[in-house]
Amino acid sequence: MTVAATKKCKKCGKELPLSDYGKKVSHNGVTYYNGKCKKCIAEQIHEYYEKHKNEIIENKHKYYKENNEKILEGKKVYYENNRSEILPIHRDYVYPSHIIKFNGGAYNQFNSNIGECY
Ligand SMILES: [Zn+2]
């Protein structure tokens, strides 16, 4: 083992061990380290969030509001289109097939609750 390698952080300028940097290994095995240390990255994310907090929250709400109906509708359509495939899988997962065979009640109950499952 050689002396632990260090790297200078682009942001705080400190000479820090490589373990203080996030790393990525490419598909051919080359290791890349972030230019900024983990602490600076965390601060950066935090700062960004603090700065844009209202926008982020607002956008989330807006997206949800605008797409809520679309999302729900999409799920419904998907379910309707794939009903014959989804139902047996889901049914077997929630109720083992022998219960359905011997207990029609459980099956009917499950059917009436399916809206809540999706
Ligand atoms: Zn740093």
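The values are calculated or read from the model by the stated rules, or taken from the named source; none is laboratory data. Note that this is a predicted model, so its numbers are computed, not measured. Because the Cβ atoms are built from the backbone with ideal geometry, glycine has one as well, and the counts that use them run over all protein chains shown.
Key figures
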item	result
Candidate set from region 28-59 (those that are within 16 Å of the ligand (Cβ to nearest atom) and in a strand (DSSP E or B)); member that is surrounded by the most Cβ atoms within 10 Å (Cβ to Cβ)	37
Criterion violated by residue 44 - all others in (1) of a type in the set (S, T, N, Q); (2) more than 30 Å from residue 14 (Cα to Cα); (3) at pLDDT 90 or above satisfied	(2)
